[in-house]
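Asks: So that we are looking at the same thing, I have put the structure below in structure tokens.
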Amino acid sequence: MSNLPDEAFRDTIGTIDEEGNRKFIFPKKPSGKFYDYRKWVSYFLLIVLVANPFIKINGNQFMMFNILERRFNIFGFPFWPQDFYIFVLFMIVGVVFVILFTVIFGRIFCGWICPQTIFLEMVFRRIEYWIEGDRGAQIRLDKQKWDAEKIRKKGIKWVIFLIISFFIANVFLAYLISSDKLLLMIEDGPRDHISTLISLLIFTGIFYFIFAWFREQVCIIACPYGRLQGVLLDDKSINVAYDFVRGEKETGRAKFNKQEDRALTGKGDCIDCKQCVNVCPTGIDIRNGTQMECVNCTACIDECDAIMDNVGLSRGLIRYASEDEIEKNIKFKFTARMKGYSAVLFILVGILLGLLFLRTDVEATILRLPGQLFQHKGDNISNIYTFKIINKTSNDFNDISFKLVGIKGTLNVVGKKNLQVPKQGMSGGTLFIEINQNLLDSDKTKLKIEVYNGDKKIETSTTSFLGPRSFD
Ligand code: SF4
Ligand code: SF4
């Protein structure tokens, strides 16, 4: 039988006191195997995150989310509003992937990949340890009156936090408006781009607020993914978990006594040192079981392993394991739910790849001007059209022309001698098509029009050509 305490801990949040005030957490500095691995993963991801907007593929920014201009680049593929269905599918694939991942591996994403955790634990918190010291020193400093030492340490920390927040805001802006525009604005100076500077300062303020003050509250009360855990996780999901069977045994956890043989007394392997609680950045006690606040950061695994080494017990009292593995000794199995999610994911990825493959770099739309009928011009019939050409490539189109296919006729673009479409841009206008009445086979003839840049065909479009009803 388990000696776990009752579920009362689920009624409160460890970071809010009974009056509803924020209780600040001063987690112990983590160290150990998993922390070292996480450091390397976070270095890699930080480099990727910062470098992404500055990497170009075929002249396209690798990742860009220009919401204002409704232009998105994902893995170097430019997406226009016309490609929005692919973008939506991409998002759906991402969500299914995260769900599948969560069903199997719990909140591994939060601990290892989430930018919030990476910035907080691997950047801001480490600067804090460097300036203010470990948990004990931080608690002391917090209680200390505002003397020279506290002002100096807090002041330096906050200035560094502000500089890093400003840097993150710049990177964020490079994702939003493109790195080219950002660099141009930096070259021009802030005076010419006051509105961008104000946005930048607002973002800086938000990041500063999150990383200097709000911190783990993002994961505990704000993050929608965190809220989903209750529905996604089950007894088979792998999580950072306390092995309560081993930790509590027959008589429960108890302080360590060198003279005592715990196997004989029936005491559990947990020596109740509370180091796993002290190191936890969300202020929870993992020994209470899987909790929504746990971001699977692995700090408690490292801490408990170090304690187990010290007292001569085997590691893994806290480890990656499922409830079933701990309670029933059932090893990990690929369940029907996991198979279902994988199948859906597989199909969606297939569709996404197909759409990406079939997607064209140029889009030409030629539509009859609404409300306009055809006109007689001698033996010819004339129709007026509007056209729009979208150039998703990184090359300018400087000499656009149109060619009727399969039927003799003339096509004249109104007013433009040398039609151009800039790279990543759009151009449009009006054109007339004239066809001899005798060549029309119905009152609504289907036309095929090829679009050329110089001698190179870049797109084929279709439209309809109205004529007299005498063809019925
Ligand atoms: S660190 Fe390990 S031994 Fe110490 S209280 Fe936590 S689970 Fe028990
Ligand atoms: S319980 Fe352990 S894994 Fe979960 S957040 Fe706390 S330290 Fe990290």
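The values are calculated or read from the model by the stated rules, or taken from the named source; none is laboratory data. Since the structure is predicted, the reported quantities are computational estimates derived from the model, not experimental observations. Cβ: placed from backbone, ideal geometry, glycine included. Neighbour counts: every protein chain shown. Note: accessible area is taken over every heavy atom of the protein model, side chains too, but ligands, DNA and RNA are not part of it. Shrake-Rupley method; radii C 1.70, N 1.55, O 1.52, S 1.80 Å.
Asks: What is the one condition in (1) at pLDDT below 95; (2) within 16 Å of ligand 1 (Cβ to nearest atom); (3) β-branched (Val, Ile, Thr) that residue 186 does not satisfy?
Replies: (2)
Asks: If you don't mind, another one. Go through (1) in contact with a Phe, Trp or Tyr (Cβ under 8 Å, 6 or more places away or on another chain); (2) in contact (Cβ under 8 Å) with a residue 12 or more places away in the chain; (3) among the hydrophobic types (A, V, I, L, M, F, W, C) for residue 171 and report which single condition fails.
Replies: Going through (1) in contact with a Phe, Trp or Tyr (Cβ under 8 Å, 6 or more places away or on another chain); (2) in contact (Cβ under 8 Å) with a residue 12 or more places away in the chain; (3) among the hydrophobic types (A, V, I, L, M, F, W, C) one by one, residue 171 breaks only (1).
Asks: May I pose another question? Of everything in the range 238-253, what is open to solvent by less than 20 Å² (accessible area, probe 1.4 Å) and away from ligand 2 (no atom under 16 Å from the Cβ)? Give them in sequence order.
Replies: Correct list: 248, 252.
Asks: Could you check the range 189-247 and list, in sequence order, the residues that are part of a loop (DSSP other than H, G, I, E, B) and touching an Asp or Glu at 6+ places or on another chain (Cβ under 7 Å)? Please lay out each step first, then the result.
Replies: Going through the range 189-247, the residues part of a loop (DSSP other than H, G, I, E, B) turn out to be 189, 215-216, 223, 228, 233-238, 243.
Matches in the range 189-247: 235, 236.
Asks: Please state which one of 283, 230 is of a type outside the set (Phe, Trp, Tyr), out of contact with any strand residue (DSSP E or B) (no Cβ under 9 Å at 6 or more places or on another chain) and near ligand 2 (Cβ under 9 Å from one of its atoms).
Replies: Step by step, each of 283, 230 is checked, and only 283 is of a type outside the set (Phe, Trp, Tyr), out of contact with any strand residue (DSSP E or B) (no Cβ under 9 Å at 6 or more places or on another chain) and near ligand 2 (Cβ under 9 Å from one of its atoms).
Asks: Considering each residue of the range 138-186, count those that are charged (D, E, K, R) and closer than 18 Å to residue 48 by Cα, and give that number.
Replies: Looking only at that region, the number is 1.
Asks: Whether any residue in the range 257-278 is under 32 Å from the mean Cα position of the chain (by Cα) and surrounded by fewer than 21 Cβ atoms within 10 Å (Cβ to Cβ) is what I want to check. First the steps, then the outcome.
Replies: Restricting attention to the range 257-278, the residues satisfying the condition of being under 32 Å from the mean Cα position of the chain (by Cα) are 276-278.
Of the ones still in play, those that are also surrounded by fewer than 21 Cβ atoms within 10 Å (Cβ to Cβ) are 277-278.
Scanning the range 257-278, I find at least one residue that is under 32 Å from the mean Cα position of the chain (by Cα) and surrounded by fewer than 21 Cβ atoms within 10 Å (Cβ to Cβ), so the answer is yes.
Asks: Inspect the range 78-101 for any residue being surrounded by 14 or more Cβ atoms within 10 Å (Cβ to Cβ), part of a strand (DSSP E or B), touching a strand residue (DSSP E or B) at 6+ places or on another chain (Cβ under 6 Å) and modelled with pLDDT under 90 and give the result as yes or no.
Replies: Yes: one or more hits.
Asks: So, one more: So in the range 382-400, with the set limited to residues that are farther than 16 Å from residue 431 by Cα and touching a residue at least 60 places away in the same chain (Cβ under 8 Å), which one is farthest from the chain's Cα centre (by Cα)?
Replies: Of everything passing the filter in the range 382-400, 397 is farthest from the chain's Cα centre (by Cα).
Asks: Now, a different point. Among the residues of the range 312-338, which ones are near ligand 1 (Cβ under 10 Å from one of its atoms) and at pLDDT below 95?
Replies: Hit for the range 312-338 is 313, nothing else.
Asks: Contact list please: Cβ distance under 6 Å, first residue in the range 295-308 and more than 23 Å from residue 229 (Cα to Cα), second residue more than 8 Å from ligand 1 (Cβ to nearest atom) and assigned to a helix (DSSP H, G or I), pairs at least six apart or on different chains.
Replies: Once the first residue is more than 23 Å from residue 229 (Cα to Cα) and sits in the range 295-308, its partners that are more than 8 Å from ligand 1 (Cβ to nearest atom) and assigned to a helix (DSSP H, G or I) give 302/34; 302/35.
Asks: Which of the residues spanning the range 301-349 are within 16 Å of ligand 2 (Cβ to nearest atom) and among the aromatic types (Phe, Trp, Tyr)?
Replies: The first filter runs over the range 301-349 and keeps only residues within 16 Å of ligand 2 (Cβ to nearest atom), leaving 301-308, 315-323, 326.
Listed by number, the list holds a single entry, 320.
Asks: Quick check on this structure: which one of 332, 374, 346 is touching a strand residue (DSSP E or B) at 6+ places or on another chain (Cβ under 7 Å) and of a type in the set (Phe, Trp, Tyr)?
Replies: Every option except 374 fails the conditions.
Here is a yes/no grid of residues against (1) more than 13 Å from residue 128 (Cα to Cα); (2) among the polar types (S, T, N, Q):
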position: 141; (1), (2): no, no
position: 157; (1), (2): no, no
position: 161; (1), (2): no, no
position: 171; (1), (2): yes, no
position: 175; (1), (2): yes, no
position: 178; (1), (2): yes, yes
position: 181; (1), (2): yes, no
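Asks: Which numbered condition in (1) more than 11 Å from ligand 1 (Cβ to nearest atom); (2) among the acidic types (Asp, Glu); (3) more than 30 Å from residue 458 (Cβ to Cβ); (4) open to solvent by 20 Å² or more (accessible area, probe 1.4 Å) is the only one that residue 361 fails?
Replies: All conditions are met except number (3).
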